[in-house]
Each structure stands twice: as C-alpha cells, then as structure tokens.
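Just so it is clear, none of the values below were taken in a lab; they were calculated from the coordinates. Everything numeric in this text was worked out from a predicted model, so none of it was measured. Neighbour counts are summed over all protein chains in view; Cβ atoms, including those assigned to glycine, are modelled from backbone coordinates with ideal geometry.
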Amino acid sequence: MQELKQSYQDAYSAWQTQLQSLHRVLLDGERLEPPRLKALLYREALMKERYDRARRALLGLAEEE
C-alpha cells in the first residue's frame, strides 16, 4: 500500500508541475514558441494520464481497457 501511495504522490506532484507551467502560459500570458507549447501540452497530458492511473490504482479500481 505504501508503494501505491508514493506512486500517487509522485504522479500528482509531476502533473501539478506541468499544470503550473501550462497555467503560466494560458492564464499569466507567458509566451512560448509553438514547438515548446506543443511539448508542454504533451507533457501535461502525459503526466495527467500517469496521475489518473496512479489514482485508480490507489482507489483499487481496474484499469480501463
């Protein structure tokens, strides 16, 4: 169970880091060149998926197929 908790915390932290970067662009007006913005969006989406998987595992829910 401790491993599931740590995995969840790590995934949440990584997602929040990417989300904060995305919010600086979307909400605070930070400018990025299109390739860097695309990479940021991709990283945020990957970290969100990782967080969702860790959350489901922590809650004991089966993986979606």
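Projected area of the chain, taken from the Cα convex hull and averaged over every viewing direction, in nm²?
Values: hull surface 20.3 nm².
Result: a mean projected hull area of 5.1 nm².
Compute the relative contact order of the chain as a whole-number percentage, counting only Cα pairs closer than 8 Å that sit 6 or more residues apart in sequence.
Values: 36 pairs, mean separation 30.9, N = 65.
Worked out over the chain, it gives 48 percent.
For the range 2-59, what is the charge dipole size about the Cα centre, in debye to the nearest 20, if Lys and Arg each add +1 at the Cβ and Asp and Glu each add -1 at the Cβ?
120 debye
Which one of Tyr42, Ser7, Leu59 is farthest out on the positive end of the charge dipole of the chain, using unit charges on Cβ (Lys, Arg +1; Asp, Glu -1) and the Cα centre as origin?
Tyr42
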